[in-house]
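To start, I am sharing the structure in question, which I have written as structure tokens.
The values are calculated or read from the model by the stated rules, or taken from the named source; none is laboratory data. Values in this document were obtained by computation on a predicted structure and should not be read as measured data. Backbone-built Cβ (ideal geometry, glycine too); neighbour counts: all protein chains shown. Ligands, DNA and RNA are excluded from the accessible area calculation, which covers all protein heavy atoms including side chains. Shrake-Rupley method; radii C 1.70, N 1.55, O 1.52, S 1.80 Å.
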Amino acid sequence: MHTETPADGDIVVRLEKASRVYNPGENEVRAMDAIDLEIRRGEFTALVGPSGSGKSTLLHCLGCLDAPTSGRVTIAGQDVTQGLTAAQRGEIRNRSIGFIFQSFNLIPVLTAYENIEFALQINGTLNARQIRERVDEMLALLGLTTQRDRRPNQLSGGQQQRVAIGRALAKRPALILADEPTANLDRKTSEDIIALMRRMNEQLGATFVFSTHDEHLMGHARRIVRLTDGRIVGEEKRVPAPESGSHD
């Protein structure tokens with residue numbers, strides 16, 4: 001197993017010549033093509049590019065939902081490239097990775113409180129009192145204390161996405177992956193969600209990597225990684241735009 005050296009301790013993600021090829025042979029598709037990338041602790045990074053550029057494949061490999069065909073992917077010091085069972089991949093996701101989806105993916109029969117609580121119960125590192133305190137803390141940070149007992153169908157889209165963010169962050173993972181997190185939200189709600197993710201990044205030191213077509217969200221990223229045809233074609237570091245969302 002490859003492990004990072006102490007000098008690399010703040011590197012959460014490392015890809016080394018990582019490729020993902022579908023249909024090898026005459027009709028092969030190189031969804032990722034020899035990508036080299038490092039993400040350091042506390043980064044707020046956007047993956048941008050046209051449809052088919054490889055953003056989703058890259059996120060799937062970072063989230064241990066897929067594995068590169070060649071090259072190496074290291075998450076939180078552990079080589080996750082090949083040779084892991086489904087259970088081992090699941091354990092890495094449970095321990096080190098939080099997911100935020102554009103479709104929220106909340107459990108419809110559970111309340112806001114219970115959706116976040118369930119993620120911590122699966123994680124299995126906290127006792128009942130610690131779980132209760134962590135969920136209460138997350139709901140307060142999310143501005144959802146008064147909505148704690150509502151099920152997803154009783155919440156607005158923005159409130160559902162806040163619950164999804166809380167579920168991802170509650171276990172304090174090394175990495176938060178967000179796939180088009182503002183795609184299904186109106187502009188005002190998107191601004192609120194962007195402001196919330198930035199606060200979580202700044203206050204909790206959470207490391208975010210998100211794919212997006214949203215120019216407004218890109219404007220808040222500290223780092224932009226541009227992809228085309230499965231390759232990184234450019235990177236830039238930015239001073240993010242001032243926050244414009246509210247926490248109400």
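Over the Cα atoms of the range 55-112, what Rg and Dmax result, in angstrom?
Looking at the range 55-112, its Cα Rg and Dmax stand at 13.1, 42 Å.
A further question on this structure: Let me know the volume per residue of the alpha-carbon convex hull for the range 25-92, in Å³.
So the per-residue Cα hull volume is 113 Å³.
Okay, next question. With a 1.4 Å probe and every protein chain left in place, work out the accessible area per residue of the chain in Å², rounded to a whole number.
Each residue of the chain exposes 45 Å² on average to a 1.4 Å probe.
I need the calculated FRET efficiency for the pair E202 and D10, taking r as the beta carbon distance and R₀ as 25 Å, to the nearest 0.05.
About 0.95, to the nearest 0.05.
Based only on Cα atoms, what Rg/Rh ratio does the range 1-136 have, Rh being taken as Kirkwood's radius?
That ratio is 1.01, to two decimals.
Compute the distance in nm between two label points, each set 7 Å from the Cα along the Cα-to-Cβ direction, one at V233 and one at R151.
About 4.6 nm, to one decimal.
Roughly how many nanometres apart are two label points built 7 Å out from the Cα toward the Cβ at Q88 and H216?
Taking the two extended label points, one gets 4.4 nm.
If I compute solvent accessible area with a 1.4 Å probe over the protein chains, what percent of it on the chain is carbon and sulfur?
Carbon plus sulfur share of accessible area: 49 percent.
Let me ask something additional. I need the fraction of alpha carbon pairs in the chain separated by more than 34 Å, rounded to a whole percent.
15 percent
So, one more: Among P181, Q160, G205, whose Cα projects farthest towards the positive end of the dipole of the range 100-248, with charges put on the beta-carbon of Lys, Arg (+1) and Asp, Glu (-1)?
Of the candidates, G205 comes out farthest on the positive side.
Let me ask another. Quick one: if you take sqrt(5λ) for each eigenvalue of the C-alpha gyration tensor of the range 114-212, what semi-axes come out, biggest first, whole angstrom?
21, 17, 11
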